[in-house]
1. Taking the conditions exactly as written (closer than 17 Å to VAL122 by Cβ and either among the basic types (Lys, Arg) or assigned to a strand (DSSP E or B) (or both)), does LYS28 satisfy them or not?
2. Outside any helix (DSSP H, G or I), open to solvent by less than 30 Å² (accessible area, probe 1.4 Å) and of a type in the set (A, V, I, L, M, F, W, C): is that true of TRP167 in this structure?
3. Would you check which residues across segment 88-106 are more than 21 Å from THR54 (Cβ to Cβ) and in a loop (DSSP other than H, G, I, E, B) and list them?
4. Would you check which residues across segment 107-157 are part of a loop (DSSP other than H, G, I, E, B) and within 18 Å of ILE27 (Cβ to Cβ) and list them?
5. I need the full set of residues from segment 269-306 which are modelled with pLDDT under 95 and farther than 19 Å from TYR17 by Cα, in order please.
6. VAL281 - would you say it is aliphatic (A, V, I, L, M), in contact (Cβ under 8 Å) with a residue 24 or more places away in the chain and out of contact with any His (no Cβ under 6 Å at 6 or more places or on another chain)?
7. Select from segment 13-22 the residues that are in contact (Cβ under 8 Å) with a residue 24 or more places away in the chain and either in contact with a Phe, Trp or Tyr (Cβ under 7 Å, 6 or more places away or on another chain) or of a type in the set (A, V, I, L, M) (or both) and list them in ascending order.
8. List every residue pair whose Cβ atoms lie under 7 Å apart, where the two residues are 6 or more positions apart in sequence or sit on different chains, the first residue falls within segment 35-53 and is in a strand (DSSP E or B) and surrounded by fewer than 20 Cβ atoms within 10 Å (Cβ to Cβ), and the second residue, located anywhere, is at pLDDT 95 or above and not aliphatic (A, V, I, L, M).
Amino acid sequence: MAIRHYLQFTDFTAEEYAWLFERAAVIKKKFKAYEKYHPLADRTLAMIFEKASTRTRVSFEAGMYQMGGSVVHLTTGDSQLGRAEPIEDSARVISRMVDLVMIRTFGQEKIERFAAHSRVPVINGLTNEFHPCQILADLFTYIEHRGSIAGKVVAWVGDGNNMANTWLQAAELLGFTVHVSTPSGYEVDQSVAGVRSNASYKVFADPMEACRGADLVTTDVWTSMGYEAENEQRKKAFADWCVDADMMKVAKPDALFMHCLPAHRGEEVEAEVIDGPQSVVWDEAENRMHAQKALMEYLLLGRVAG
């Protein structure tokens with residue numbers, strides 16, 4: 001089977017995503033039933049972290065072990081990645097020793113260079129530009145709770161960051177619409193997002209209007225990792241972009257709320273929303289593991305039955 005990488009959401013087709021969501025549901029059902037399922041026995045995942053993580057590490061590590069595989073955990077502090085060795089050389093060496101590589105880093109360009117010289121599939125665990133594994137989990141969570149997302153409206157309230165970029169890619173590919181509302185100066189860059197047109201998203205200056213009639217309201221921290229020096233400036237700029245009960249009231253009555261976590265209650269979301277009945281953030285967090293298990297299975301084995 002030809003090597004496939006998963007570096008941004010557009011790397012797969014809509015039909016492949018339909019398969020992945022079905023497999024994630026099957027794999028999750030096995031997990032809940034304590035059914036042993038080891039399709040990745042004797043396979044090894046290398047996890048490379050240049051950005052710290054809780055959910056990414058636990059979801060990939062636990063998921064790989066549950067699938068019967070093993071894990072090697074690397075950071076820039078305990079490998080040559082943080083020193084002078086070229087990324088290309090690291091890729092050539094690491095990919096000769098493992099079956100799969102997950103990288104969580106800063107610039108997308110670094111993961112693209114690694115993948116170009118890897119003999120095994122490479123997964124984007126997060127870059128400054130994209131977070132495809134998170135959107136994979138978010139979409140799976142929406143489907144679990146509400147069915148198909150085709151034709152629905154997702155309201156994105158906050159920073160035009162890697163999450164927003166990936167939501168735009170997903171909307172264009174899977175046939176839904178994103179209502180984007182960001183403070184001035186923090187807009188989504190369509191060229192970075194890599195979307196071909198603006199037909200699948202609408203921009204709103206007022207976050208309340210972005211949420212009006214939405215099926216899903218979602219947000220992220222105001223200051224992503226790597227932008228800490230801008231924290232105070234961002235707190236002022238984003239003050240009106242806190243998802244609160246009023247925003248959820250103008251969304252559809254059965255609208256869901258999501259957040260990729262970690263969350264700062266009282267900043268990008270009020271406690272009554274994230275801890276309220278419309279919030280599915282804990283299912284969303286767990287589903288990182290199940291969706292990624294389906295992804296790893298697909299990259300290594302293709303379409304399997306059972």
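1. No.
2. Answer is no for this residue.
3. Hits for segment 88-106 are SER95, ARG96, MET97, VAL98, ASP99.
4. PRO121
5. Matches in segment 269-306: none.
6. It is false that VAL281 is aliphatic (A, V, I, L, M), in contact (Cβ under 8 Å) with a residue 24 or more places away in the chain and out of contact with any His (no Cβ under 6 Å at 6 or more places or on another chain).
7. ALA14, LEU20, PHE21, listed by residue number.
8. Once the first residue is in a strand (DSSP E or B) and surrounded by fewer than 20 Cβ atoms within 10 Å (Cβ to Cβ) and sits in segment 35-53, its partners that are at pLDDT 95 or above and not aliphatic (A, V, I, L, M) give THR44/GLY69; THR44/SER70; THR44/ASP99.
The values are calculated or read from the model by the stated rules, or taken from the named source; none is laboratory data. The structure presented is a predicted model; accordingly, all values stated were derived computationally and were not measured. With ideal geometry, Cβ positions are generated from the backbone for all residues, glycine too; neighbour counts draw on all protein chains shown. Side chains are part of the model used for accessible areas, which takes the heavy atoms of the whole protein and leaves out ligands, DNA and RNA. Shrake-Rupley method; radii C 1.70, N 1.55, O 1.52, S 1.80 Å.
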